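In what follows, a single structure is set out as structure tokens and then discussed.
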Amino acid sequence: MDYLARPNDDRTAYQTLREHQDRVAFLCAQNCKSFTDQAIGEMLGLLHDAGKYTDAFQKRVRGAAVKTQHAIAGACECERLLTETRNPLYRHLAYCIAGHHVGLPDWSSSHGSKSELKYKLNHMDELIGDYSAYRDEIQLPPLPACPPFPKERASFSQQMFIRFLFSALVDADRTDAQDFTEHAVIESAKQHLTLVQMEDIFTKETAAFQQHAKDTPLNRIRRGILDSCLSAAQGERGIYTLSVPTGGGKTRSSLAFALRHAVKHGMERIIYSIPFTSIIEQNAGVYEDIFGMENVLEHHCHFEPPKKTREQEDPLSDKRLSLVRENYDMPLIVTTNVQFFESMFSNRPSRVRKLHRYANSVIILDEAQALPSTYLRPCLLALHELCERYGCTVVLCTATQPNFQKNGLLPPDVPVTEIIPDKQTLFQQLKRVDGCFLGKQSGEQMGERLRAHDQALCVVNTKRQAAELFRQLGEEEDGCFYLSTNLTPQHRKQVIAQIRKRLSDPARPVCRVVSTQLIEAGVDLDFPVVYRSLAGIDSILQAAGRCNREGKLPNATVYVYDPAESYLGSGYLGTTARIARDVIDDFGETDFLSEQAVDAYFAELYDLSGDQVDKYDISRENRQDAVNMQFQFQQIADKFKLIDSQGVPVIIRDDGTQREDGDDHPDSVNRLLEQLPYVKGLGGILQKLSQHSVNVRPQVLERLEMLGAISRPLMDSSGNSTDGVYVLERPEYYHHLTGLTVPDEENELDYIV
């Protein structure tokens, strides 16, 4: 009997099961070689589809309407081999094989579930038929000994190892399946530069860039920072810090370190993880200009690509992009902290598929201080694991560097190397602003202060506060601008371009801007004066980075004020604001921007956080669970969410940024919406529409529904729903200056991750 794995689309050809098993074994071994013994990956590949040797599956693959399960069979074989050999690796493999389609399972729980691994192993005979024929075709190799895991974090470390193995298997299985039907897509995804080639391009481009740059004191300092990064890149793998004030050229310098370091150590890729999408768009744009779009993956789309979008009608380039988003087989990746960290704690195959690509990589964590405190300990433990066991180098890059060792969040024996040899001198050289605390200020008082300046920026904590202060300015007056995520990304770009043009005009036209903390997220603007509503010291320093950024003024001031209590924010933001107030009291009303003040701020923040640095016990160690290898992958994945919700996209038909040729242009919002019922595959269109959308929280969505302002989710020609993408049908709720304006909207924080 010929045992078959799958047919092609028109059932004119079949891939044999032996061919599939051998191919997945080879690919999985290749995926594992950067972090463990390749024989482990080979065993995973050979056993993962043992359950397809049943009569039921063979009938199904030939067209019969038969329901089958096959993944549990390989897991059962692993449990049998665990009993025979007492090699714990077999339990690790069992988790991976059992979950390679539906996700890594929990071992068991008090309430019990048929999805748990223990239940499936105990009920294997009910779930699957005789699969013993696999032994006639598959010769299993010997499995190496299980690698040692540190006693102090044996559970955490084992779970991370299992996720890496799971990633290697899922990627190998999906790659072989797609290669059978769409070989051109797989080959296309391999076409990119090596890091050696990219370093050569970057070196030449940097030399040309410096040659044409003006010889100013600031540019000389930036060259010194770049030289420090290139020098430090000769060091060994491990954890580095890059402490550079805002405006010091971290974007280019950190990449220079990463390229030189990766080439020296033969590393495979660079992953740039950033908390805010606005910085991603900016940094990815810089890198794409240097290396070409085909060598840089920008992964942050407002819309997660929906399922079943890879149809034959999709262009090859769209399929290539969809593939590399899942497997990260690119030399340079710019992504969000949400994507980066949740992939290390997820159990979903599509989310974890890329994880094995983290191994042997340089990882730049930009704005490291922005990691949510409630997940700080597991995030730092994961970074430590990447360096200690997976051949990575991590760079913690920020102007406000927390001392994670001093604060007890990294083990004291972990070496951490600062790239800047004399960062105190650097911070003094780049000091371009002074701080001044104004105390309590009402909205009316702040409006008067801003009107006293021709050009000024005020950064606040909530969208309602921003809207009210904007009204105080006189929202319809020429030269007054509002920024928040209530504006679509395309609308924000247009407003920022207008602001930038006014700030660069020698005539110094009026330019008064009210913004939420959105503007602190890497938006390169240079104001002569900045006001900041009370927030954490790190946020205040980010706002200060928009003041006298180019050092054109002999002195400039960042004014911090205490707003109404309701505008301080609740939860984490309220806590950081109150700690900042303590620091201002301790350091004086003009010296709260110093490095010592930053240290004091983070020391108090993490001391107050206490158990809150791992609020959901993600990194909790249970010695018995570690010994018995009884892990709860689903439960941890459900708990590890860097943000509660990424919101629901609402597409704006007219956000004021439509092209001059209007709705007739193929990329206009209305034309794209018209196309949806006639296309197969929504990914490409949704990517374009994301630039004209606003993400809203559930309560805002409910309010819009009550007002009859939005239409229901969209659907393509195959019946694939966008599953929660809405369209604003009442244009009066999108203002040409303040964006989405919902009556009685709550006083919510802006939503910038």
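The values are calculated or read from the model by the stated rules, or taken from the named source; none is laboratory data. On a predicted model such as this, the values are computed, not experimentally measured, just so you know. Neighbour counts run over all protein chains shown; Cβ positions are idealised from the backbone, glycine included.
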Based on this model, can you work out whether Ala597 counts as farther than 16 Å from Phe437 by Cβ, over 28 Å from the mean Cα position of the chain (by Cα) and assigned to a helix (DSSP H, G or I)?
no
Selected residue [in contact with a Leu (Cβ under 8 Å, 6 or more places away or on another chain) and either surrounded by 14 or more Cβ atoms within 10 Å (Cβ to Cβ) or assigned to a helix (DSSP H, G or I) (or both)] from Gly74, Gly103:
Gly74
Pairs, first basic (Lys, Arg) in the range 69-96, second crowded, with 24+ Cβ neighbours inside 10 Å, C-beta under 6 Å, six or more apart
none
So, of the residues in the range 569-585 that are under 17 Å from Pro372 (Cβ atoms) and of a type in the set (Val, Ile, Thr), which turns out to be modelled with the lowest pLDDT?
Thr575
Asn622 - would you say it is modelled with pLDDT of 90 or more and not β-branched (Val, Ile, Thr)?
no
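Just a yes or no: is a residue in the range 312-328 among the hydroxyl-bearing types (Ser, Thr, Tyr), surrounded by fewer than 18 Cβ atoms within 10 Å (Cβ to Cβ) and modelled with pLDDT under 95?
Yes.
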Does Leu642 satisfy the criteria of being within 30 Å of Trp107 (Cβ to Cβ) and either in contact with a Ser or Thr (Cβ under 6 Å, 6 or more places away or on another chain) or not β-branched (Val, Ile, Thr) (or both)?
yes
crowded, with 20+ Cβ neighbours inside 10 Å and among the aliphatic types (A, V, I, L, M): does that describe Ala543?
yes
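Give me the residue from the range 546-568 that is surrounded by fewer than 23 Cβ atoms within 10 Å (Cβ to Cβ) and charged (D, E, K, R) and, out of that set, modelled with the lowest pLDDT.
Among them, the one singled out is Glu565.
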Filtered residues of the range 421-438 (kept if in contact with a strand residue (DSSP E or B) (Cβ under 6 Å, 6 or more places away or on another chain) and either under 30 Å from Pro563 (Cβ atoms) or not assigned by TED's automatic domain parsing to the domain that holds Ser228 (or both)):
Val433, Asp434, Gly435, Cys436, Phe437, Leu438
Give Gly662, Gly656 a once-over and let me know the one that is at positive phi and at pLDDT 80 or above.
Gly656
Can you pull out the residues in the range 1-20 that are at positive phi and among the hydroxyl-bearing types (Ser, Thr, Tyr)?
none
Flag if Thr68 is β-branched (Val, Ile, Thr) and crowded, with 16+ Cβ neighbours inside 10 Å
yes
Can you say whether Gly129 is on the phi > 0 side of the Ramachandran plot, assigned by TED's automatic domain parsing to the domain that holds Phe35 and in a loop (DSSP other than H, G, I, E, B), as far as the supplied structure shows?
no
Suppose we keep only residues that are surrounded by fewer than 19 Cβ atoms within 10 Å (Cβ to Cβ) and either touching a Leu at 6+ places or on another chain (Cβ under 7 Å) or among the small types (Gly, Ala, Ser) (or both) within the range 179-189. Which one would you say is farthest from Met330 (Cα to Cα)?
Ala184
Of the residues in the range 623-637, how many are surrounded by 14 or more Cβ atoms within 10 Å (Cβ to Cβ), among the polar types (S, T, N, Q) and over 22 Å from the mean Cα position of the chain (by Cα)?
2
Exactly one of (1) surrounded by 22 or more Cβ atoms within 10 Å (Cβ to Cβ); (2) touching a strand residue (DSSP E or B) at 6+ places or on another chain (Cβ under 8 Å) is unmet by His48. Its number?
(2)
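What number of residues within the range 194-232 are among the aliphatic types (A, V, I, L, M), within 14 Å of Ala262 (Cα to Cα) and surrounded by fewer than 19 Cβ atoms within 10 Å (Cβ to Cβ)?
So the answer is 2.
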Take the residues in the range 278-297 that are surrounded by fewer than 21 Cβ atoms within 10 Å (Cβ to Cβ) and of a type in the set (Val, Ile, Thr); name whichever of them is modelled with the lowest pLDDT.
Val286
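For the structure I just gave you, tell me whether Asp55 is in the same structural domain as Tyr95 (by TED's automatic domain parsing), more than 24 Å from Asp9 (Cβ to Cβ) and modelled with pLDDT under 95.
So Asp55 fits the description; yes.
Looking at Tyr14, Tyr53, Tyr3, can you tell me which residue is crowded, with 16+ Cβ neighbours inside 10 Å, among the aromatic types (Phe, Trp, Tyr) and either under 30 Å from Pro148 (Cα atoms) or free of Cβ contacts under 8 Å to residues at least 60 places away in the same chain (or both)?
So the residue among Tyr14, Tyr53, Tyr3 that is crowded, with 16+ Cβ neighbours inside 10 Å, among the aromatic types (Phe, Trp, Tyr) and either under 30 Å from Pro148 (Cα atoms) or free of Cβ contacts under 8 Å to residues at least 60 places away in the same chain (or both) is Tyr14.
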Cβ contacts < 9 Å: first residue on the phi > 0 side of the Ramachandran plot, restricted to the range 604-633; second residue at pLDDT below 90 and surrounded by fewer than 16 Cβ atoms within 10 Å (Cβ to Cβ), any location; separation 6+ or different chain. Result?
Asp617/Asp611
Could you check the range 396-414 and list, in sequence order, the residues that are touching a Ser or Thr at 6+ places or on another chain (Cβ under 6 Å) and among the aliphatic types (A, V, I, L, M)?
Leu396, Ala399
For the range 514-523, state whether one or more residues are in contact with an Asp or Glu (Cβ under 9 Å, 6 or more places away or on another chain), touching a residue at least 12 places away in the same chain (Cβ under 8 Å), of a type in the set (A, V, I, L, M) and in a helix (DSSP H, G or I).
yes
If you check Ser533 against the conditions, is it more than 27 Å from Ile280 (Cβ to Cβ), small (Gly, Ala, Ser) and over 24 Å from the mean Cα position of the chain (by Cα)?
no
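Counting residues that are closer than 30 Å to Arg471 by Cα and either of a type in the set (D, E, K, R) or touching a residue at least 40 places away in the same chain (Cβ under 8 Å) (or both), which strands (runs of 3 or more DSSP E) fully inside the range 345-459 reach at least 1?
Here the list reads 434-440.
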